[in-house]
């Protein structure tokens, strides 16, 4: 998961730059058309969200708690809803970036929750096995039991 978070964090930062320039071009078209469209501005806001999430993923790649994933899901969800409310016909790619952000943000959160639950079950099973071994270590082996209970 560490390498995946690092790679996705770097890709999110690269995508944020791409989304920023694409949104700037859409904003320029919005100004030229003078129709009051806001999709370019919404794209710039979404690119800031992608940048923030990329930094969070890189910063929290070694952590096992859910803090970074929760923050990332909230940021991408919030910025995605802002983008959805301001999207229009000028910048159609904005919907693609919003959906990708939802998939990445909530996908990582769900994946991390599942991995943590599986790891906690594995650790608890290992502890039960270890406790059983420690409790049974005082019992005699089969050979010791037979030698102690032989009838002469």
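The values are calculated or read from the model by the stated rules, or taken from the named source; none is laboratory data. Small disclaimer: the values here were computed from a predicted structure and weren't measured. Here the Cβ is made from the backbone with ideal geometry for all residues, glycine too, and neighbour counts use every protein chain on show.
Sort through 58, 75, 104, 71 and tell me the only one that's in contact (Cβ under 8 Å) with a residue 60 or more places away in the chain and under 30 Å from residue 119 (Cα atoms).
On the way: 58 fails: in contact (Cβ under 8 Å) with a residue 60 or more places away in the chain; 75 fails: in contact (Cβ under 8 Å) with a residue 60 or more places away in the chain; 71 fails: in contact (Cβ under 8 Å) with a residue 60 or more places away in the chain.
Exactly one of 58, 75, 104, 71 is in contact (Cβ under 8 Å) with a residue 60 or more places away in the chain and under 30 Å from residue 119 (Cα atoms), namely 104.
Just checking, does region 9-19 include any residue being modelled with pLDDT under 90, buried (at least 16 other Cβ atoms within 10 Å of the Cβ) and on the phi < 0 side of the Ramachandran plot?
no
What pairs can you find where one residue is in region 33-45 and free of Cβ contacts under 8 Å to residues at least 60 places away in the same chain and on the phi > 0 side of the Ramachandran plot, the other is part of a helix (DSSP H, G or I) and buried (at least 18 other Cβ atoms within 10 Å of the Cβ), and their Cβ atoms are less than 7 Å apart, with a gap of 6+ or different chains?
none
When you go through 30, 34 one by one, which is the residue that is more than 24 Å from residue 108 (Cα to Cα), surrounded by 19 or more Cβ atoms within 10 Å (Cβ to Cβ) and over 17 Å from the mean Cα position of the chain (by Cα)?
The match here is 30.
Could you pull out the residue among 52, 73, 42 that is touching a helix residue (DSSP H, G or I) at 6+ places or on another chain (Cβ under 7 Å) and surrounded by fewer than 19 Cβ atoms within 10 Å (Cβ to Cβ)?
Working: 73 fails: surrounded by fewer than 19 Cβ atoms within 10 Å (Cβ to Cβ); 42 fails: surrounded by fewer than 19 Cβ atoms within 10 Å (Cβ to Cβ).
Checking each option against the conditions leaves just 52.
State yes or no: is residue 50 within 14 Å of the chain's Cα centre (by Cα), assigned to a helix (DSSP H, G or I), at pLDDT 90 or above and within 12 Å of residue 19 (Cα to Cα)?
On the way: within 14 Å of the chain's Cα centre (by Cα): yes; assigned to a helix (DSSP H, G or I): yes; at pLDDT 90 or above: yes; within 12 Å of residue 19 (Cα to Cα): yes.
Against the criterion (within 14 Å of the chain's Cα centre (by Cα), assigned to a helix (DSSP H, G or I), at pLDDT 90 or above and within 12 Å of residue 19 (Cα to Cα)), residue 50 qualifies.
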